[in-house]
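Before any comments, here is the structure.
Since every read-out is calculated from the coordinates, none of them should be taken as a lab result. Bear in mind that the values here come from a model prediction, so they are computed numbers and not experimental data. All Cβ positions, glycine included, derive from the backbone under ideal geometry; neighbour counts span all protein chains shown.
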Amino acid sequence: MVGSRMADFEHIIAAPAITLEVPGAEGREAAFAFYLALRKLGKQVKLPLNLQTGLPESPLHEKNFAVTLRGLGRVISKVYYERDSQDVRLYFTLKNGDISPKDLAIDTSQPPHLTIIVGEKSLSDNEKNIVAGTKELLESILLKLPDSAESIKIASHLLAHSRHSTESKLCISSPTQHLSAKILPSALKEIQELGVPSCLVLFEENGKAKGLLCSGDEALKQSISSSFPSQEKKGWLLFTAPNQRPQEIQERILTQLQ
């Protein structure tokens, strides 16, 4: 286990692929926060199977390819690339000599990756590719993402307390803590960036149960707005159910969508 927070963070920055291990249920929320933050850093991240429910498979099963120029490491002085909607072009500046097709190789093997164990306070494993995912380490990562830190924290809380309807690809969350209405839309967008088409948050405000739906699915919006008093603002559907608890609304909506 890597010893210092700085050394841990350097391992994370250097690792192209990261696996999150969550030994206990108490680490679910932190695991989702790590997942969101690491993806913001451009890392390939894999969650445990028991946390993948309702999340799309594509971000979790990306493939890595390495382009190798054999024997030219000493003569290449610069490497850069250009990318458009169709192609990626790699440019190499050589101090001397030329590149021939026989120097080029493509490696499709997965790169060495780092494992972060979330929620485990003491580890006896001394392998260099294992890091303990403590709160301090997570905070150091979030500090690198100042514009996203608060919304990632809320999004991870929503994911940790969510259920899913696979038919409509809807993520429904009934959070256990009070959430800021100002941050909630950006938190839902963090979840949508994972590829979840529709997100619904159920909460209580002034003793009334309310729901906020973020979705481009017009049929889903119509289904919910026909069941509850609602209004749409800037693509968000806000509805109220004065005489019901959030848990009751969640069960009702999930039943409707089956």
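For segment 189-258, state which trypsin sites (Lys or Arg not before Pro) are in a DSSP loop and have at most 11 other beta carbons lying within 10 Å of their beta carbon. Loop-located and lightly packed - LYS234. Taking only the alpha carbons of segment 66-107, we obtain Rg and Dmax values of 11.1, 32 Å in that order.
So for segment 147-258, taking the charge dipole from beta-carbon charges (+1 Lys/Arg, -1 Asp/Glu), which of GLN222, ILE183, THR240 sits furthest toward the positive end? Result: THR240. Net length available on complete extension from ALA25 to VAL75 is 12.9 nm, with 0.36 nm assigned per residue and the Cα-Cα distance removed. Were the residues from LEU238 through SER186 laid out at 0.36 nm apart, the gain over their Cα-Cα distance would be 17.2 nm. Pull out a ≥ b ≥ c, the square roots of the eigenvalues of the alpha-carbon gyration tensor of segment 147-258, then state rounded if a/c is under 1.5, prolate if not and a/b is larger than b/c, and oblate in the remaining case. Rounded, because the longest to shortest axis ratio a/c is under 1.5. Given a Förster distance of 30 Å, report the FRET efficiency between GLN247 and ASN50 from their Cβ-Cβ distance, rounded to the nearest 0.05. After rounding to 0.05, the efficiency reads 0.85.
A crude spin-label estimate for the pair THR93 and GLN222, with each label 7 Å from Cα along the Cβ direction, gives 5.8 nm. Distance between the modelled labels on LEU254 and SER100, one decimal in nanometres: 6.4 nm (7 Å Cα→Cβ projection).
Here each label is just a point 7 Å from Cα along the line to Cβ, and for GLN231 and LEU145 those points are 3.3 nm apart.
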